[in-house]
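Report on the following structure.
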Amino acid sequence: MFPQQCGMNHCQNDMNGPNTMNSASNNCNGCPRPQPVVAPKKVCVSNQVTPVAQPVICPIECRRVNHCMYYPVYYPQFEQTFMNVPFNQF
């Protein structure tokens, strides 16, 4: 995979050189440090139920029904009449 040979003998011989395992480049005798393999992301799903009030419209019609009930009311009605009677027949 890599064109250069990477063996323990090469690293041990150059331990005090510029390409040591403790150097900033972190390589061993010119061999690149392996890059991490990134696996696909695993998505963990936890289901949660959150109650949310949903308005339900219930139409209610209030109706006032007026029933008429008749009852009698008596009003006196006076009538004036005149009679002519002779004085002695009374």
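The values are calculated or read from the model by the stated rules, or taken from the named source; none is laboratory data. Keep in mind that what you see is a predicted model, and the values were worked out from it rather than measured. In this analysis, Cβ positions are derived from the backbone assuming ideal geometry, glycine residues included, and neighbour counts consider all displayed protein chains. Note: accessible area is taken over every heavy atom of the protein model, side chains too, but ligands, DNA and RNA are not part of it. Shrake-Rupley method; radii C 1.70, N 1.55, O 1.52, S 1.80 Å.
Residues considered: 54, 5, 12. Of these, the only one that is at pLDDT 55 or above and either open to solvent by 100 Å² or more (accessible area, probe 1.4 Å) or part of a loop (DSSP other than H, G, I, E, B) (or both) is 54.
Could you grab the pairs with beta carbons closer than 7 Å, sequence gap of 6+ or different chains, first residue in region 32-53 and without any contact (Cβ under 8 Å) to a residue 40 or more places away in the chain, second one part of a loop (DSSP other than H, G, I, E, B)? Note: pairs meeting the criteria are 32/2; 33/26; 33/27.
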